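Data first, discussion second: the structure below is written as structure tokens.
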Amino acid sequence: MKCTSDPALKHDTPCEVTIVLSPEISIKINGTLLRTTEESTAIYFANMKEESFYHLKSLLQYNTNEPETIEDELANPAKKPS
């Protein structure tokens, strides 16, 4: 996914990510900025509603050549870096 990034954003800043799938469906995720540059932004996804999780999981599975990798990563979630 490509989005606008702003290197002025600071590490550990709380944020909300919204991915609009249709006028009726969006994925909303609360997170924390891990790093940002002119080219990219890394966000730790802290929490989301169950419906958003379902849509995000489906979106990732449909857009990968290895959908089983998604299941493996969900079985062993990453911890927030300190």
### Message
Criterion first (part of a helix (DSSP H, G or I) and out of contact with any Pro (no Cβ under 6 Å at 6 or more places or on another chain)) does Glu73 satisfy it?
### Response
yes
### Query
Could you count how many residues in segment 14-56 are farther than 22 Å from Pro77 by Cβ and not small (Gly, Ala, Ser)?
9
### Query
Tell me, which residue of segment 64-80 that is loosely packed, with under 10 Cβ neighbours inside 10 Å and under 29 Å from Pro7 (Cα atoms) is modelled with the highest pLDDT?
Pro77
### Query
Just for segment 13-46: of the residues that are at pLDDT below 90 and among the acidic types (Asp, Glu), which one is nearest to the chain's Cα centre (by Cα)?
Glu39
### Task
Could you please give the count of residues in segment 3-12 that are under 16 Å from the mean Cα position of the chain (by Cα) and among the acidic types (Asp, Glu)?
1
### Message
Just to be sure I understand, how many residues within segment 15-50 are out of contact with any strand residue (DSSP E or B) (no Cβ under 6 Å at 6 or more places or on another chain) and either part of a loop (DSSP other than H, G, I, E, B) or loosely packed, with under 12 Cβ neighbours inside 10 Å (or both)?
### Response
11
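The values are calculated or read from the model by the stated rules, or taken from the named source; none is laboratory data. What you are looking at is a predicted structure, and each value in this text was computed from that prediction instead of being measured. Here Cβ is always computed from backbone atoms with ideal geometry, including for glycine, and neighbour counts include all displayed protein chains.
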